[in-house]
Amino acid sequence: MPPAERVRKAVEYGAQIHPQYREEFENGISVAWHRVPSNLGCFGVWSDAARAEHYRNLCAIDGRILLAGEHASELPGWQEGAVLSALDAITRLHQRVVAA
């Protein structure tokens, strides 16, 4: 779909959940992430082998660096995955601080 049509569909679908959506909508943008050069998509895709080899390391606390997001979750590509990843990261960080 062209970008304007994708925005129109998003508003249409959103209005099915939130009836006031159409009236409150002001503007929007749509990006076909898979068409952006060097981006290769909008979310992480794990093979079973790659997840088994790298996922634990990705999610580990490394000094002052701690990653969270849908890419670091069991639900890639979904906001729920991002939220669950953030909650997990916060919990592990809190446990580390309390233990120190």
³J(HN,Hα) computed for each position of segment 30-35 - Karplus, 6.51 cos²θ - 1.76 cosθ + 1.60, integer Hz, glycine/proline x:
10, 10, 8, 4, 5, 9
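With a sphere of radius 13 Å drawn around the Cβ of Ile61, what net charge do the other residues whose Cβ falls strictly inside it have (Lys, Arg +1; Asp, Glu -1)?
+2
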How big is the gap, in Å, between the Cα center of segment 54-73 and the Cα center of segment 1-47?
27 Å
Among 54-60, 35-41, 25-31, 84-90, how do they line up from the highest to the lowest mean number of other beta-carbon atoms within 10 Å?
84-90, 54-60, 25-31, 35-41
Give me the distance in nm between label points sitting 7 Å out from Cα along the Cα-to-Cβ direction at Ala32 and Asp88, one decimal.
3.3 nm
Let me have the relative contact order for segment 6-100, percent, based on Cα pairs under 8 Å that are six or more residues apart.
15 percent
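I want the local charge near Arg22. Using Cβ-Cβ distances under 14 Å, sum +1 for each Lys or Arg and -1 for each Asp or Glu among the other residues.
-2
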Which percent of the Cα-Cα distances in the chain go past 17 Å?
67 percent
Per-residue HN-Hα couplings for segment 54-70 [Karplus 6.51, -1.76, 1.60; θ = phi - 60°; Hz; x = Gly/Pro]:
10, 4, 4, 5, 4, 8, 6, 6, 10, x, 9, 10, 9, 8, 8, x, 4
Show me, for segment 80-88, the HN-Hα J-couplings you get by feeding each phi into the Karplus relation (A = 6.51, B = -1.76, C = 1.60, θ = phi - 60°), rounded to Hz, glycine and proline as x.
4, x, 5, 5, 4, 5, 5, 4, 5
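All of the numbers you see were taken from the coordinates with simple rules; none came from a lab. Remember, it's a predicted structure, so these values are computed and weren't measured experimentally. Here Cβ is always computed from backbone atoms with ideal geometry, including for glycine, and neighbour counts include all displayed protein chains.
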